[in-house]
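Reviewing the structure listed below.
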Amino acid sequence: MQGNEQQAYDRGITIFSPDGRLYQVEYAREAVKRGTASVGVRTEDGVVIAADRHARSPLIERDSIEKIHEIDSHVGVASAGHVADARQLIDVARRQAQVNRLRYDEPASVESLTKEITDYIQQYTQTGGARPFGVALLVAGIEDGQPRLFETDPSGTPYEWQAVAIGGSREDIQSFLEDEYAEEMDLEGGIELALRALASVNDDGLDATGVDIATIDVETEQFQKLSEEDIAERLEEFELGGEN
C-alpha cells in the first residue's frame with residue numbers, strides 16, 4: 001500500500017506527499033549524486049573550484065566535457081549532475097550578470113546572482129508539466145573585495161560555504177574537507193585542498209586531463225582557469241598523480 005501511495009505522489013511535482021515531501025525534488029538530488037564530483041574552497045586570497053571531468057571513453061574529446069564555466073569576469077560556476085540542465089542554468093546566470101552590468105553599470109554580486117539562479121530553479125518545483133533541474137552548482141566569486149562561495153540545490157535553496165563538495169561521493173569528500181580545511185590557508189593551499197579532496201575518493205589517483213580547476217583571486221577579481229600543464233605540475237608536487 002505504501003509503495004502505491006508513493007507512486008501516486010511522485011508523478012507530479014506540484015503535489016506534496018502526506019509526510020510533506022516532494023519526491024521529484026528528491027529524485028533530482030539523486031541525479032546530482034550520479035554526477036562526477038565538484039569541489040569549492042574559499043580562502044583569504046580568493047576562491048577555488050575544481051571538478052572531476054574524467055571521460056567515459058578514451059574516444060571522447062576531453063574539451064567537450066565541460067564542468068567549470070565562467071559566468072562573468074569575477075564569477076565562475078562548477079556543476080554536478082545533468083550537464084544539459086547545468087548549461088541551461090549557466091545561460092540564465094550569464095544573462096543576469098550582463099543585465100546587471102547594463103542596468104547598473106557594475107558587476108553583479110555573487111549572492112544576488114546565486115539567488116537569481118535559485119529563484120529560477122524554484123519555479124520548476126511548483127510548475128505542473130515540468131520537472132526540477134537535476135543539477136547542483138557551486139557559484140564562486142569576489143564580492144566587494146571578499147571571496148564568496150555558494151551551493152545551489154534542486155529545491156531552489158542557496159547555501160553559503162567555506163568549503164563544499166557536490167556530486168558523487170559527496171559525503172566522503174565533505175568529511176575530508178571538514179577535517180582538513182583551515183580558514184587561514186592561501187589560494188595555493190585552497191588548490192591543494194581541492195585536489196586532495198578529489199583524490200581522496202579516487203584510488204587510482206588524478207590525471208591532469210581529467211581535472212578542471214579555476215580560481216578567482218581577491219587582488220585581480222578575475223576568473224582564471226588553470227592549464228593542463230599547471231594542473232599536472234601540482235599533481236606531481238602534491239604526489240596525487242595516478243600510475244601511468
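Nothing in this text is a laboratory measurement; each read-out follows from the coordinates by a stated rule. Since we're looking at a predicted model, the values are computed, not measured. Cβ sites come from the backbone with ideal geometry, for glycine too, and all protein chains shown count toward neighbours.
Screening GLN88, GLN98, GLN126, GLN122 for residues that are touching a Gly at 6+ places or on another chain (Cβ under 8 Å), over 28 Å from GLY190 (Cα atoms) and not small (Gly, Ala, Ser) leaves exactly one candidate, GLN122.
So that you can scan it fast, the table gives a plain yes or no per residue for (1) among the small types (Gly, Ala, Ser); (2) surrounded by 14 or more Cβ atoms within 10 Å (Cβ to Cβ):
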residue: ARG29; (1), (2): no, yes
residue: ALA37; (1), (2): yes, yes
residue: ASP45; (1), (2): no, yes
residue: ASP52; (1), (2): no, yes
residue: SER57; (1), (2): yes, no
residue: GLU66; (1), (2): no, yes
residue: GLU70; (1), (2): no, yes
residue: ALA80; (1), (2): yes, yes
